[in-house]
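As C-alpha cells, the structure follows; a few thoughts come after it.
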Amino acid sequence: MNAIGWPNWRRLNQEGIVFAIAILLFAAAALSLPGFLTADNLVAIVRSVSVLGILALGMAVVIIGRGIDLSAVAIMAMSVAWYLQLLNTGTSDGLAFAYVLAGVLAIGLLNGFLVAYADVPAIFVTLASGSFVFGYVRSQLITQDAVPVPQGHWVELLGGVRFLDIPVEVFVFAGLAFLVFLFLRYTKWGRFIYFAGDNPVAARNIGIPVRPMLVLRYALSAVVALIAGLLTAASLHSINTRVVNSTLLYDIVLVAVIGGIGLSGGRGGVRNVLVGAALIGILLNAMTIIDIPLLYQNLIKAAILLGAIIVDGIINPRDEQTAQQGDI
Amino acid sequence: MTFRERLQAWRYNLVPDHLVGEILTKRWTDNAIPFLALVATLGVFGSIIPGFFKLTSLQESTRQLGEFSLVVIGMTVVMLGGGIDLSVGSIFALSCFSAVYVFFILEQSIWLALAAALATGLIFGAINGYLVGYLRLRAFLTTLVTFIFGRALFDILVSTYAADVQLSQASSDVLDFIGDGTFWGLSISVWLAVILAIVTHIALTRSRPGWHVLAVGGSRRSAHNAGIRVRRTVFMTYVFSGFCSSIGGFLIACRLSGAGPGTGLNLEIMALTAAVVGGVSLGGGRGSVVKGLMGAIIVLTMTNGLIRLGYGTGTNQMVLGILLAVAVTIDIRWLKNRHKVLNEVYVAPVYLKMGETQSAALGSGTPYELDNRLSAADHIGLGELEGPEDVILDRDDHLYCGTRHGEIVRFFAPDYVKSEVFAHIGGFPLGLAFDKQGNLISCVGAMGLYSVSPEREVKRLSAETSRSWTSIVDDARLRDPNDCDIAPDGRIYFTDSTKRYDAHDWALDSIENRATGRLLVYDPKDGSTKTLLDGYRYTNGVCMAHDGKSLFFAESWACRVHRYWLEGPKAGTAECVIRDMPGYPDNINRASDGNYWMAWLGMRTPSFDLSLRHPDMRKRMTRRLPQDEWLFPNINTGGVVKFNEKGGIVETLGDLSGSAHPMVTSMREHKGYLFVGGILNNRIGRYKISGADPNWTSPASYWGARP
C-alpha cells in the first residue's frame, strides 16, 4: 500500500527513534564539543556504559519476562564487597568465591521463588531483597563503606587487561551481549521468555514451565550483577557500597526502557539494550565534557527516564477493560 | 455406646470448632495480625530499651511519629486506590525546603511558609496524579522516577541555599511552638496526624469520594463500568498524598529549623513498609487508616529502637527489607487463601445419635407406611413453576405460591390454569400465611419476614432480631426465615432455620447438624421481633393449633415436632410431641378434621443416620469430596403425614413413583382438596381427600367466616 514511497511512519518504533536521536546527539557532540570525537573518548564512552550495559542485559531478560529486578545494584555492590572483605580477612580465594556465588544465587533464587510461587509482585520482592542485601552485608559482613581489592589479586589484574588498547570490560559486555542474544533468539527457553512475558497464563496453559523459568531469570540477573560488580571493582580497585543509594539502578532501568523494551513484557531484545546504552553513554559523556554537575545530570536523567516511561505508556497503553487488577 | 463413640461425641460436641470459621468470616481478623505485631514490637522494644515509655522519650519519638504518620496516611489512601506513591520522601523534602526557603531566606511569615509547603506538595502530587491517573502510567515506576527527580532537585536546592539558611536571623514563636511545643501533653505533629487520620477515616468509610477510592482500588474495571470517574479518583489520591507529605515536610521544617541532605531520606520505603505491615493490601481496595497507623508505629518503633540500641549502618535497611518482604508475602498469601481456609474450617459437624424409628416401607403396617396415593394428584402449573415451597389459598379460592425467582405467583380459581405474578419480593419466598386483614405474610429466604397487601404492596416486617451476647456470627440477621403462622392476636410466629448458613446451603447445615434453629415472634403492634426459642436442629414448619393456645413447629434434622405453648400453665415452654420419625418434617398446616398435615421433605436413611455418629467422617467428606458426592438427607422420597393434637400419627400419604411429588415441603387443605408443594418441584399437586369436609377452608378456620 506504500507505492509512492512515503516513509512508513508506523514502522518507526521507539527503538528507531532512540537510535536516530543517539546518532543526532553523537553528530552534534562531535561537531560542537572539542575532544569528543577522539579515539580515547570513544573508548571512554564505551567503557563507561559497559558495566551499565551488562547490568541492563540482566535487567532486560527479566523485564522481557514481565518482571523487574530492583535488587540488581545491591547484589552487584554488596556481593563484591563481601567477596573482597573475605579476601582481606584471609579467606582463601576459592572458598570466598564459592561463598559469594552461593549467596548471590540464593538471593536470586529467593527473588524468583517469591515472585513465581508466592505470587508477590516482583517490584516489592526485589525492592525488599535489595534493601535486605544492602542492610545485611553492610551491617553484618563488612566494616566500612568502601572495600579495597587486595594487592596483586586477579580482580586487580583484570582491571589492567587491555586488548588493542580497549579495556577488558568492553569485551565482556560484547561477549555477554552476544550470549544473551543467542539465548533469547535461538534457544527454546529464550523464546519461552517472550511467551511468558507476553501472556503468562496462556504460556502456562500450553505447558511452558513458567514458574521455574521465572526463578531462573532472577538467578541469572543476580549472577550478571555479580559479574558487573567484579568488573567495577577491577577498574576502580575497590568497591564503594554507597553506589546502592545512587541512581545507578534507575540508569539501568533507563537503558532498558529507553531502548524500547516494554515494561509490560514480551517485547525487546539485546539490540534495544545496545541502542539504549549508546544513547545514555553519549549523553553522559557529553554532559561530563560540558561540565554539568552530577546533581544536574541526575535531574536530566530523571527527566529523560520520565519521558521514556510516558512514551512507553503511550505506545503500549493500558486499557481499563483488560488491565490487570493490582498491576502497579 | 462404645468408648470410641463417646470420645467422638465429647470431642465434637464440646469443642467449639465452629468458632474458628465464624471468627474468620469477620473483617476485623484482617486487623488482628498487624495488631499483634504492634503489641509484640512495643513489648520487645519497650522492655529492652531503658526509659522507652518515659514521657520525655515518648514526646520526642511521637513528634517524629506524627510526621511519619501523616506521610503513611497519604500512602495508605493511594494504595487503597490501587496505586503506590514512592515520591513521598521527595515531596516531604521539597515541601520542607519550600517552607524553609520562604521563612528563612525570604523572611516571610510562617503561614506563608505553610502555604508554600502545601503548594509544593499539591503540585507535586498533581503531577504524579496526572501521570498515573490520566496518562495511566505504571504507578510504581512513575513515582519512582518523580522521586529521583524530586530528590535531585532537592539536593541541588539544599546545596545551593544551605549556607543562606544557616545565616538567616528569622525566628518566630509560632514556629518554635509547632516545632517544640506541646498541647495537652502531645506535640502539634501528633495532633495534626490524629485529626487528619480521623478525617480521612470518616471520608473513606462514610463519604462518596472515599467509597469511590475503595471501589477503584477494589476493582478498577467494575468501577469504570459503574460510571465512577476512575482517572479523576486516582488523580485525587495522589494529590491527597502530596498534601499529607507536605504537612509532614512543614512540620519537620519547624522542628529542625532547616533542611538537610538527610531530610526525607528512605522515607518512601519506610512509609511503604509501614502501610504493608499494617495490612493495607497492594493493589488496592483493602485496608484502612487505622491499619496504616499501626504499621507506622511498628516501623518507626523498630527503626528508632535499633538506632537507640546502637546497631550500625545498614541494620535499618536490613530490617525494613525483611519486614517488607514478609508483610507483602503474608498479605498476598492471606488474600489469596483466606476463602480457602474459610471453606476448609467453616463446616464443623457435631455428633448426634438419632433414635430408632418405625419403618415407613409399604406393607410394614406402621402408621408411617408410605403408600402411592399422591401420585394420583392433578398438577397445577406443571413446567411453569420453579420451587413452590409453600402454597396457600385465599377466601376466593385463588392459589398462591412462592418461586425461586423471588416472586409470589397467583393461580386463578376455579381451574388454576391462568396465573400471574402477584408480587415480586426477591429472595426466595418460603412459608406463607394470611392474616386477618387478608395480607399475605411470607418468610423470604435470605431476606426476612414480608407482608404483601391485597393491593400487592410489599412491605418488610422484620429482617432482624436482637443480637445474642455469646454468638460470634451475627445472629441478629435472619438468615433463613422458613415458615410462619399467625396467632389470633395477630402476632406472627416464625422460624429461622439456621444462624450459620444461607438458605441455599441447607444441605451443609444438615451435614453439620449443629442446633442453631430458632423460633421467633413478630409483634405487629410495635414492630418488634423477639427470639422465643433457640438451639434446634433446623426449625422449619410452624402451625397454630386449632384452639390458638399453642403452636406446633418442626425440627427437621432431628425428625421431631415440638409444641410451644402460648397460654396456659406451660406458656413459654416447648415440649416434644413427635420424635424419631422416619422422615424429615417440613411445613405443618391445619386439617379440616381437627388434625394437622405435616410435609416430609425427605426420608431418613441408615447411612446418613450412621454418618451423624461420625462427625470426623462428615468433616473429611466436606473437605475432600466434591459437593455432588456428599452424603446428605435423601430428598428423593417424601410424603404427607397427618397427626392429631396429641402427636399421634393418623395416616401417611406418599408418591412411590417418585415422579409427581418426590419431595414435599408443604400442603394446604382447601374445600376437600389437598394442595401439595415442593421446593425442588416443578408443579403444585391437587389431591382429592376422601371424606374431607368440602366446605372447610383455612382462612375461615383461622379468622372465621367472611366478615
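The values are calculated or read from the model by the stated rules, or taken from the named source; none is laboratory data. Just so it is clear, the structure is predicted and the values come from calculations on it, not from any experiment. When we count neighbours, we look across all protein chains shown, and the Cβ atoms used for this are built from the backbone with ideal geometry, even at glycine.
Annotations for the structure displayed:
This table checks each residue for (1) of a type in the set (Val, Ile, Thr); (2) in a helix (DSSP H, G or I).
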site	(1), (2)
A:ALA44	no, yes
A:VAL51	yes, yes
A:GLY58	no, yes
A:ARG66	no, no
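- Screening B:PHE235 with (1) under 34 Å from the mean Cα position of the chain (by Cα); (2) within 12 Å of another protein chain (Cβ to nearest Cβ); (3) surrounded by fewer than 24 Cβ atoms within 10 Å (Cβ to Cβ); (4) in a helix (DSSP H, G or I) gives one miss only, at (2).
- Among the residues listed as B:ILE156, B:ILE178, the single one being within 14 Å of chain A (Cβ to nearest Cβ), under 28 Å from B:VAL239 (Cα atoms) and surrounded by 15 or more Cβ atoms within 10 Å (Cβ to Cβ): B:ILE156
- Applying the criterion of being surrounded by fewer than 21 Cβ atoms within 10 Å (Cβ to Cβ) and not charged (D, E, K, R) to the residues of segment B:132-153, the residue that is farthest from the other protein chains (Cβ to nearest Cβ) is B:TYR134.
- Verdict on B:ALA163 being out of contact with any His (no Cβ under 8 Å at 6 or more places or on another chain), more than 8 Å from chain A (Cβ to nearest Cβ), in contact (Cβ under 8 Å) with a residue 40 or more places away in the chain and in a helix (DSSP H, G or I): no
- Checking the stated criteria, A:VAL120 turns out to be within 26 Å of A:GLY265 (Cα to Cα), within 12 Å of chain B (Cβ to nearest Cβ) and of a type in the set (A, V, I, L, M, F, W, C).
- Residue that is surrounded by the most Cβ atoms within 10 Å (Cβ to Cβ), among those in segment A:290-307 that are more than 9 Å from every other protein chain (Cβ to nearest Cβ) and part of a helix (DSSP H, G or I): A:ILE304
- Where a residue in segment B:308-335 is within 7 Å of chain A (Cβ to nearest Cβ) and its partner, wherever it lies, is surrounded by fewer than 17 Cβ atoms within 10 Å (Cβ to Cβ), with Cβ under 6 Å and at least six apart: B:THR329/A:ALA118; B:ILE332/A:ASP119
- B:LYS646 in the same structural domain as B:HIS398 (by TED's automatic domain parsing), at pLDDT below 95 and on the phi > 0 side of the Ramachandran plot: no
- Any chance B:ASN266 is out of contact with any helix residue (DSSP H, G or I) (no Cβ under 9 Å at 6 or more places or on another chain) and polar (S, T, N, Q): no
- Out of B:GLU5, B:GLU67, B:GLU22, sole residue that is part of a helix (DSSP H, G or I), under 18 Å from B:THR273 (Cβ atoms) and modelled with pLDDT of 85 or more: B:GLU67
- Residue ID - farthest from B:THR637 (Cα to Cα), chosen from residues in segment B:601-617 that are in a strand (DSSP E or B) and either among the hydroxyl-bearing types (Ser, Thr, Tyr) or within 32 Å of the chain's Cα centre (by Cα) (or both): B:LEU601
- Restricting attention to segment B:284-306, the residues being assigned to a helix (DSSP H, G or I) and more than 12 Å from chain A (Cβ to nearest Cβ) number 16.
- Top-ranked residue of segment A:154-169 - restricted to ones that are surrounded by fewer than 18 Cβ atoms within 10 Å (Cβ to Cβ) and part of a helix (DSSP H, G or I), ranked as nearest to the other protein chains (Cβ to nearest Cβ): A:GLU156
Residues are listed down the side, and each one gets a yes or a no for (1) within 14 Å of chain A (Cβ to nearest Cβ); (2) crowded, with 19+ Cβ neighbours inside 10 Å; (3) assigned to a helix (DSSP H, G or I):
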position	(1), (2), (3)
B:LEU36	no, no, yes
B:SER47	no, no, yes
B:VAL77	no, yes, yes
B:GLY89	yes, yes, yes
B:TYR101	no, yes, yes
B:TYR130	yes, no, yes
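- Considered as a group, the residues in segment B:166-206 that are among the aromatic types (Phe, Trp, Tyr) and assigned to a helix (DSSP H, G or I) include one that is modelled with the lowest pLDDT, and that residue is B:PHE177.
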